[in-house]
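Colleague: Mind having a look at this structure? Questions to follow.
The values are calculated or read from the model by the stated rules, or taken from the named source; none is laboratory data. Keep in mind that what you see is a predicted model, and the values were worked out from it rather than measured. Ideal geometry is used to build each Cβ from the backbone, glycine not excepted, and the neighbour counts take in all protein chains shown.
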Amino acid sequence: MLNLFDYGWLNLGSLVLGLIAWFIPIFNIIRRKKRGNSQLTMIVLSMGSCATALWFQISYTNYLVTIQDISALMDTTSTLNWISAVLLIVTITLNVTSIILHKDKASE
């Protein structure tokens with residue numbers, strides 16, 4: 001029988017949402033010349049994508065614990081820890097950069 005929810009999709013979803021979390025502030029930085037009130041919305045979407053990507057990874061880790069796949073946990077935990085830190089740091093840095101650039105543009 002076809003399983004409607006394969007837990008492997010959580011990894012792909014996490015990757016896509018992590019990339020979205022980075023591309024939103026990059027897009028916001030590129031279009032900073034255009035004034036608009038969408039900056040806060042973009043930041044919330046970016047941080048929400050980052051949070052959801054991290055939640056997907058936590059859910060996948062929980063799945064591995066549930067099925068008691070200890071070898072998969074031991075193989076992936078250190079990499080997951082490192083990648084999660086990179087995702088969070090880059091997302092925050094890009095969003096702060098976007099805020100600073102928009103603040104400088106607004107003060108002109």
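Colleague: Gly18 is checked against (1) in a helix (DSSP H, G or I); (2) without any contact (Cβ under 8 Å) to a residue 60 or more places away in the chain; (3) not hydrophobic (A, V, I, L, M, F, W, C) and fails just one. What number does that condition carry?
Modeller: Tallying (1) in a helix (DSSP H, G or I); (2) without any contact (Cβ under 8 Å) to a residue 60 or more places away in the chain; (3) not hydrophobic (A, V, I, L, M, F, W, C), Gly18 fails exactly one: (2).
Colleague: Further question on the same structure: Tell me, please, whether a residue that is at pLDDT 90 or above, buried (at least 16 other Cβ atoms within 10 Å of the Cβ) and either of a type in the set (Phe, Trp, Tyr) or touching a His at 6+ places or on another chain (Cβ under 9 Å) (or both) can be found in the range 20-41.
Modeller: yes
Colleague: Kindly provide the set of residues from the range 49-70 that are small (Gly, Ala, Ser), crowded, with 20+ Cβ neighbours inside 10 Å and over 15 Å from Trp82 (Cα atoms), ordered by number.
Modeller: Ser49
Colleague: Can you tell which of Thr91, Thr97 is assigned to a helix (DSSP H, G or I), touching a Ser or Thr at 6+ places or on another chain (Cβ under 9 Å), of a type in the set (Val, Ile, Thr) and more than 15 Å from Asn11 (Cβ to Cβ)?
Modeller: Only one candidate passes the filter, namely Thr91.
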